[in-house]
Amino acid sequence: MSQVDSLSPDGVQAQIQGGTPLPLLPEHSKDALDTLEFDSVLQLVAALAVGPLGAARVLGRRPTTDIGWISGELARVAEVAALFRRGDRLLAEPIPDVTRALARLRIEGSVLEGVELAALQRVLGAARNVSLDLRRVAEPAPRAAQLLQPLPDKAIERRLEQSLDPDGNLLDSASPGLAATRREVQAARQRLLRRLESLLRGLGPSAAPADASVTVRGNRYVIPVRRDSRSRPPGIIHDESGSAGTLFIEPSETIELGNALREAEVEEERETLRVLRELTGLLRLELPAIRGAVEMCVAVDDLVARGRYAVAVSGEMPEVEPAPAILRIVNGRHPLLLSGAQSVVPFDLELDQKERTLLISGPNTGGKTVLLKAVGLATALAGSGVIPPVGGGSRLPIFRQLYADIGDRQSIAASLSTFSAHVRMLRGVLEDADDRTLVLLDEIGSGTDPVEGAALAAATLVSLTRRGTVTLATTHLGALKELASHEPGVVNASLQFDAATLTPTYRFMKGVPGRSYGLSIARRLGVAGNILDDAEARVPDAERRLDALLAAVEERERQLRAEQAAAAERTVELDSLAARLGAQEASQSAREAELKRREKDAEREGRRQARTYLMEARQRVEEALGAARGAADDAAAREARRLVEEGIREEGEWLAGQRGSGAAGQVESENAGGIIPGSKVRLETGGTGEVAEIRPDGKAVVSLGGMRVITDLSSLTRISRREERKHRVETTPLPTRPEGTRPTAPQIEIDLRGMTGDEAEVATVAAVDAAVLAEQPFLRIIHGMGTGVVRERVQRVVARDRRISRYSFATRNQGGTGVTVVEFSP
């Protein structure tokens, strides 16, 4: 479209209502679209638009062969549908029809009215909102964002908002001159009204009607006066009442006031025209941008309507390519049936490039005609940029032309019978159809003698198949069902019919012709049995054999469906069982992993305890050695040596128990009490002894004095090393010491008076070690008050010994600062 054409009224209208590029389908294809009720489907889509121009754009869509445009439009709709399915949106704004205003705007010197300017103001505001939303969705919907158009300067919108109210009336703020002239008009009007009301009140009851008031006649303010009144004021008579008894007079003394008002009004009109011309001039400078804003709003409204329709019918974008190509429809449905209340059974249909003709047979009311129309509508909608109600994986050829012979084409005016009308259509099809043509033929060969009709139909289908035309035809003629067996490219198909209930299931089956069920339906509807028996006998043998074969095929197909359903159920059960077994295996693996983890933790804890016990035993050995080195007499030395030997023995026993061997080691590892050979134990019956042996049967041999007892491990309680030492200290009497000698065993008190500082330090260390070994709770160290040297040495020793929890001087009555009391950590 040239620049001049685009500015013409026709060009403006074409831009607003356009949307589908050339080339369109030829004229005879429009008849096919009417037969398919294409416009009724577009009305469903247009109803989802928000404005009349967007709806008009949808209704103006027609199939085209421009494959690039079709692919782009379908991809754009798919983007918007994806937005809606994610819970997002794309804003569409309704705009008024500004076709006339745009056409006038192109004429230099023309002035738009206030209503037209207000309409353009609404368009610019809507375009601003749409532009912002297109920018917002530019990343998830880049194709939709391509609809963006440059907009006029926003200052123009602000100027219009300042000058006009929503109804298109100029505001006082439109210009200072307009506001001034309006004030002058108001003042002149008030002066005139006051003078006229004063004159009216001065008239007597006989001169003016009772309800008289100032009014307007011929754009002049007047007062009503009785015709027969002698006291009526002089002036100009502008009108009279219907009864001619009252005259409407402009008094002479107010004529100048009236003229002044009129002059003020003329000045206001002059200023109003000037403002409208100024606003029109501002918009004229932005005419291309305004046209772009209109196009953007209409295109987005059209796009949003198509996106909403795709979501409403669960449509997925099909692949499109120029015919000849594969025709594949997945989950196809008739668009008009989807708008009803009943559920729609979807169909799957595929024709490869070697399969050109699909011959659909079966009983009436089975959905054959609906299938033809659904296929034709799917290709037409896709060619118009509308996603049809098909599922993902669909592939639709874009055909150059479309023929549809569906329904009764009888014409009384043209003196055409039904058969003649069909033949006339077939002639046109056979003249023009090629491999880029889609032909839909309903009840081909009907309306005449079945034999001749079948022959003509077969010849037509063979001709169309051999030239590569995609043809979908329905028939009741049994002879045509054999065509697929000897003509390559022809494929039989049917829509399932429940033989038990004689009701259609509408499920499409490719490769199997359908039965007519005519006699079966007649029998169900109550036709006499003898008549039906006679009718069945008159059916030709070939037809009867074919019907029996089809019945067997249908029965076998039902059995296969039942077996598939049972197999599907078994598969579900097996999957469920496998899932349960998998869950159990996972749970078992988790338990095994947990057990291994616990085993490692237990092993780690055992090693830690072993190290701790070994360190304690070594510490006791070292402490005993220290005590032995600091022993003051033979008795203390022997006791210290005994403690060293005991610590070494305990350390060896623990190491031996950790290593374990043979059955004893196994029993020990299973023994929660940690009882091993050499352990000191207490029996349930009383008495203590030492474990001499742990037998393979899990029983223990315990030495009790001079005898041995065999008992279960569960009846024994191990005596800890600390408990054993405590028991020994409590039961072993300390040897008495002669008066004046040093103590031979750890005591709770030590006297350092009279010692040097070094001697006192050595004695304090030895006393603390002995008290710790004997598990004494405290120790009294007597150092006296003297010079303080011994006290300072004692304080130094106890301050750095970590085994001592606290120390302090004794109370005054227990020795005061001459005694340090030491408390040990538990």
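Summary table
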read-out: Per-pair calculated FRET efficiency, R0 = 41 Å: LYS30 and ILE531 via Cβ, rounded to 0.05; value: 0.30
read-out: Heavy-atom accessible surface of segment 230-317: percent carbon and sulfur, 1.4 Å; value: 52 percent
read-out: Among SER241, PRO288, PHE347 the positive-end extreme of the charge dipole of segment 222-352 (Cβ point charges); value: SER241
read-out: Approximate shape of segment 192-235 as ellipsoid semi-axes (Cα gyration tensor, √5λ), whole Å, largest first; value: 17, 11, 10
read-out: Gain on full stretching of the segment that runs from SER576 to SER110 - 0.36 nm per residue minus C-alpha separation; value: 159.8 nm
read-out: Spin-label model distance (nm) - MET785 vs SER714, 7 Å beyond Cα toward Cβ; value: 6.7 nm
read-out: Surface per residue (accessible, 1.4 Å probe) for segment 765-826, Å²; value: 56 Å²
read-out: Probe 1.4 Å, protein heavy atoms only - accessible area per residue of segment 76-198 in square angstrom; value: 49 Å²
read-out: Size of charge dipole - segment 164-288 - debye, nearest 20, with Cβ of Lys, Arg +1 and Asp, Glu -1, no other charges; value: 520 debye
read-out: Other-chain or far-sequence residues with amide H under 5 Å of LEU24's (modelled H); value: none
read-out: Cut-off 11 Å between beta-carbons: net charge of the residues surrounding SER213, Lys and Arg +1, Asp and Glu -1; value: -1
read-out: Bins of 5 Å from zero: percent of alpha-carbon pairs in segment 284-404; value: 2, 10, 18, 20, 16, 12, 8, 5, 4, 3, 2, 1, 0, 0
read-out: Whether segment 37-90 is rounded, prolate or oblate, judged on the alpha carbon gyration tensor where a/c under 1.5 counts as rounded; value: oblate
read-out: Low-density loop cleavage sites - trypsin sites (Lys or Arg not before Pro) in segment 68-128, where at most 10 other Cβ are within 10 Å (DSSP); value: ARG86
read-out: Cα shape, segment 167-325, gyration tensor, a/c 1.5 rule; value: prolate
read-out: For segment 245-286: accessible area per residue (Å², 1.4 Å); value: 49 Å²
read-out: Distance in nm between pseudo-label sites at ARG598 and ALA244 (7 Å out along the Cβ direction from Cα); value: 12.4 nm
read-out: For segment 306-356, convex hull volume per residue from C-alpha positions, Å³; value: 98 Å³
read-out: Estimated FRET transfer efficiency (ILE255, LYS154; beta-carbon r; R0 35 Å; 0.05); value: 0.10
read-out: 18 Å cut-off, amide nitrogen to a point 7 angstrom out along ASP66 Cα→Cβ, residues in segment 357-399; value: 380-387, 398-399
read-out: Segment GLU452-ARG100, extension gain: residue separation times 0.36 nm, minus the distance between their alpha carbons; value: 120.8 nm
read-out: Computed E for SER589/ASP348 - FRET, C-beta separation, R0 41 angstrom, nearest 0.05; value: 0.40
read-out: Segment 21-124, accessible surface, carbon-and-sulfur percent (1.4 angstrom probe); value: 55 percent
read-out: Two-site label geometry, ARG86 and GLU263: point separation in nm, points 7 Å out along Cα→Cβ; value: 7.0 nm
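The values are calculated or read from the model by the stated rules, or taken from the named source; none is laboratory data. Keep in mind that this is a model prediction, so the values were computed, not measured. Using ideal geometry, Cβ is built from the backbone for each residue, glycine included, and neighbour counts are taken over all protein chains shown. Side chains included, ligands, DNA and RNA excluded: accessible areas come from the protein's heavy atoms. Shrake-Rupley method; radii C 1.70, N 1.55, O 1.52, S 1.80 Å.
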